[in-house]
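A.B. asks: What follows is a structure written as structure tokens; I'll ask about it next.
The values are calculated or read from the model by the stated rules, or taken from the named source; none is laboratory data. Every value quoted in this text rests on a predicted model; they were computed, and no experiment measured them. Here the Cβ positions follow ideal geometry from the backbone for every residue, glycine too, while neighbour counts run over all protein chains shown.
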């Protein structure tokens, strides 16, 4: 019997997969605990079959945008099962699909093992908190847990700017407006430009992806709002450098000053395989204390890691220190720890 795309989505959810891949001349493939695995007994799809499957879950309007731009990001939902963040694209002149499985349950800070210092960060009334890491390392999940923590604890107006909307929140103590790129706003920069007129307390920026978005995000953090945002960077120093380097040289001293004053913390994370299956987050935490702020202003970003290594009492931890903790607690193997540490000698 011919399989529908929903059948592949259901299989991915049932197996606890994080992603589903469809591309011509390959069987459907799922990513489970970081490993790519073909769906058993599924035959390779032709280019026509892949196109038919992909077009079955988009509207005519979305199809027109996709055929014009050659890329399309959107969310898809199977009621009672799960939501999916979907990317359609062309490869080798045929259509491909990658879908991220999004749990219907909003994660909690406890469930994902957030350190205590992050609870303190999220309780702040203003400033900028960044979640960073490579693609597929749980940034969206961490952001969702932080938003839900605020929703449960605080009377606030939360505005999210997303591409696309992933987790759908139910208002509790807070009211939440979720805006999606393409359907609710034309660009992140446009959404950020007008968000101040929407009386927000907390603003989530799905991704700081260009100069205008980064500049607007920093300005919002200056104006008395708590701003949560993501970047595709692997550690705190790289994150600060990336933000500053986006700006032209004549603006960089001013940006360094702004970051030193309004950055509250950076949480950089990666997911490591656990013994017996599953994955666990290893996190680097930077807290912007006076010593860190001075280094940012003086453009001595490379020295920040030294401050982090000696500031455990402030809640700071480097990625290698956290990997060592997970190894000593038996939550990752020595092989995994050595493979992911930047300085394996620290594990000895």
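A.B. asks: Please specify each residue of the range 100-133 satisfying the condition of being in a loop (DSSP other than H, G, I, E, B) and in contact with a strand residue (DSSP E or B) (Cβ under 7 Å, 6 or more places away or on another chain). Full working, then the answer.
C.D. replies: To start, the set of residues in the range 100-133 that are in a loop (DSSP other than H, G, I, E, B) comprises 103-115, 123-126, 133.
Answer for the range 100-133, where residues must be in a loop (DSSP other than H, G, I, E, B) and in contact with a strand residue (DSSP E or B) (Cβ under 7 Å, 6 or more places away or on another chain): 103, 104, 112, 113, 115, 124, 125, 126, 133.
A.B. asks: Something else: Which of the residues spanning the range 293-304 are crowded, with 18+ Cβ neighbours inside 10 Å and in contact (Cβ under 8 Å) with a residue 24 or more places away in the chain?
C.D. replies: So in the range 293-304, the residues crowded, with 18+ Cβ neighbours inside 10 Å come out as 295-296, 301, 304.
Once the filter is applied, which keeps residues that are crowded, with 18+ Cβ neighbours inside 10 Å and in contact (Cβ under 8 Å) with a residue 24 or more places away in the chain, the range 293-304 yields 296, 301, 304.
A.B. asks: Okay, next question. Got at least one residue in the range 278-285 being over 23 Å from the mean Cα position of the chain (by Cα), in contact (Cβ under 8 Å) with a residue 12 or more places away in the chain, closer than 29 Å to residue 125 by Cβ and crowded, with 20+ Cβ neighbours inside 10 Å? It would help to see each step written out before you state the result.
C.D. replies: Residues of the range 278-285 over 23 Å from the mean Cα position of the chain (by Cα): none.
Scanning the range 278-285 turns up no residue that is over 23 Å from the mean Cα position of the chain (by Cα), in contact (Cβ under 8 Å) with a residue 12 or more places away in the chain, closer than 29 Å to residue 125 by Cβ and crowded, with 20+ Cβ neighbours inside 10 Å.
A.B. asks: Still on this structure, please answer the following. For residue 273, work out the one condition from (1) modelled with pLDDT of 95 or more; (2) buried (at least 18 other Cβ atoms within 10 Å of the Cβ); (3) touching a helix residue (DSSP H, G or I) at 6+ places or on another chain (Cβ under 8 Å) it doesn't fulfil.
C.D. replies: Condition not satisfied by residue 273: (1).
A.B. asks: Exactly one condition in (1) farther than 29 Å from residue 278 by Cβ; (2) out of contact with any helix residue (DSSP H, G or I) (no Cβ under 6 Å at 6 or more places or on another chain) is false for residue 17; which is it?
C.D. replies: (1)
A.B. asks: Counting just the residues of the range 173-186 that are without any contact (Cβ under 8 Å) to a residue 60 or more places away in the chain and under 18 Å from the mean Cα position of the chain (by Cα), which one comes out nearest to residue 66 (Cα to Cα)? If you could, list the steps in order and put the result at the bottom.
C.D. replies: Applying the first criterion (without any contact (Cβ under 8 Å) to a residue 60 or more places away in the chain) to the range 173-186 yields 173-179, 183-186.
Now narrow it down to the ones that are under 18 Å from the mean Cα position of the chain (by Cα): 178-179.
Details: 178: 23, 179: 20 Å.
The qualifying residue nearest to residue 66 (Cα to Cα) is 179.
Yes/no matrix, rows are residues, columns are (1) assigned to a loop (DSSP other than H, G, I, E, B); (2) under 18 Å from residue 266 (Cα atoms); (3) not assigned by TED's automatic domain parsing to the domain that holds residue 239:
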| position | (1), (2), (3) |
| --- | --- |
| 151 | no, no, no |
| 161 | no, no, no |
| 169 | yes, no, no |
| 178 | no, no, no |
| 189 | no, no, no |
| 196 | no, no, no |
| 207 | yes, yes, no |
| 215 | no, yes, no |
| 219 | no, yes, no |
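A.B. asks: Hey, can you tell me all the residues within the range 1-15 that are free of Cβ contacts under 8 Å to residues at least 24 places away in the same chain and either more than 19 Å from residue 88 (Cβ to Cβ) or in contact with a strand residue (DSSP E or B) (Cβ under 8 Å, 6 or more places away or on another chain) (or both)?
C.D. replies: Taking the range 1-15 as the starting set, the residues that turn out to be free of Cβ contacts under 8 Å to residues at least 24 places away in the same chain are 1-2, 7, 14-15.
Matches in the range 1-15: 1, 2, 14, 15.
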